[in-house]
Amino acid sequence: MNSPSSMKSFYTSVLDLFDISMMITPEFKYHVTQESKRPFNKTMKCDFLIIPPSFDAPKATGKERDIITTCLKNKTTIIACCGGVFKIASLGILDNKEVTTHWYFKEKLISEYPSIIPSLNKAIVRSQENIITVGGVLNYVDLIVYMIRKTQGIKKGYIFNQFVQGPGIRERQFWDEDLSEEKYSSLFKVLSKLNTMNQRLSVLSKEFGKSPRTMQRYLRDEYNISFRELLNLYRFCESKKLLYRKYSVKEIAIKVGFEDEMSFRRFFKKQSGMTISKYREYLLS
């Protein structure tokens, strides 16, 4: 789906990327169409509807509202990139959902859609089952990798990604304000000094010279995070480092404070959206 404010290069770039994919795996075909050249109608079926990046953050027109609504009814996955996220935000379907977009639009997103939960440090967010929001202008490359993984599997996604932009994928947008390791560095530093048995709100509060209630309020006011969310984020960041260093799952579970391996596996899958084995295969191979 395109509009006058959409980036002109987006469509041709996406075509090129899918052509590369079909060159690498010719047995799998993608059919990419542009709405302005092949007008959408209510009987049309597609797997993905991509709303391109834009130079501003426009609301959906009446026609675009109809297209998006129809696609949602047809179980099509809606993908909004960069400023295009505002088109689906204007329909109210992102209310109380986690959302990413280009960091440039942060203030506009917060002021116009206060019920949305901004998560602009992330490159891609599955806001709900069939709605995906994508970050900055060039994060659509990561989006294509994501789509190939979903349609062809992790191994094919890895091969494509290695061909296009090298090993690994970008989980986060690289801007200083929201990188977890930097944003919470002082908190992480204290947690790292504590024995896992002492990584509790009461202990952290004493380290900062505050009461537990004051510490919880401080975390919410200064960092927009609860202690439980902070601890989960710290454990997740630490576990990824240990996975990269080839520690066993059992060793990592103990090091980050889990009583058993299965609890840690469930935790990691909930945080990352993939199993530990898939994470290792995709990011560390």
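The values are calculated or read from the model by the stated rules, or taken from the named source; none is laboratory data. The structure presented is a predicted model; accordingly, all values stated were derived computationally and were not measured. Neighbour counts run over all protein chains shown; Cβ positions are idealised from the backbone, glycine included. SASA here: full protein model, heavy atoms, side chains in, ligands and nucleic acids out. Shrake-Rupley method; radii C 1.70, N 1.55, O 1.52, S 1.80 Å.
Here are some notes:
- Restricting TYR140, TYR158, TYR218 to those that are modelled with pLDDT of 85 or more and either over 30 Å from LYS278 (Cα atoms) or in a helix (DSSP H, G or I) (or both) reduces the list to TYR218.
- The set of residues in the stretch 69-78 being free of Cβ contacts under 8 Å to residues at least 40 places away in the same chain and of a type outside the set (Lys, Arg) consists of THR69, THR70, CYS71, ASN74.
- Count - residues of the stretch 56-67 that are closer than 21 Å to VAL14 by Cα, without any contact (Cβ under 8 Å) to a residue 60 or more places away in the chain and buried (at least 17 other Cβ atoms within 10 Å of the Cβ): 1
- LEU233, sole failed condition from (1) over 22 Å from GLU98 (Cα atoms); (2) touching a helix residue (DSSP H, G or I) at 6+ places or on another chain (Cβ under 7 Å); (3) not β-branched (Val, Ile, Thr): (1)
- In the stretch 90-128, the residue that is farthest from ALA57 (Cα to Cα) out of those that are β-branched (Val, Ile, Thr) and open to solvent by less than 20 Å² (accessible area, probe 1.4 Å) is VAL125.
- Taken over the stretch 1-57, the criterion of being aromatic (Phe, Trp, Tyr) and farther than 14 Å from ILE148 by Cβ is satisfied by PHE10, TYR11, PHE40, PHE55.
- Qualifying residue in the stretch 90-97 (condition: part of a helix (DSSP H, G or I) and at pLDDT 85 or above): no
Yes or no, residue by residue, for (1) assigned to a loop (DSSP other than H, G, I, E, B); (2) in contact with a strand residue (DSSP E or B) (Cβ under 8 Å, 6 or more places away or on another chain):
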position	(1), (2)
SER3	yes, yes
ASP16	no, no
MET22	no, no
LYS29	yes, no
THR33	yes, no
PRO39	yes, no
ALA60	yes, no
GLY83	no, yes
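- Selection within the stretch 260-285 - modelled with pLDDT of 90 or more and exposed (fewer than 15 other Cβ atoms within 10 Å of the Cβ): ASP260, MET262, SER263, ARG266
- Subset of the stretch 26-55 [under 23 Å from LYS156 (Cβ atoms), surrounded by 17 or more Cβ atoms within 10 Å (Cβ to Cβ) and not hydrophobic (A, V, I, L, M, F, W, C)]: TYR30
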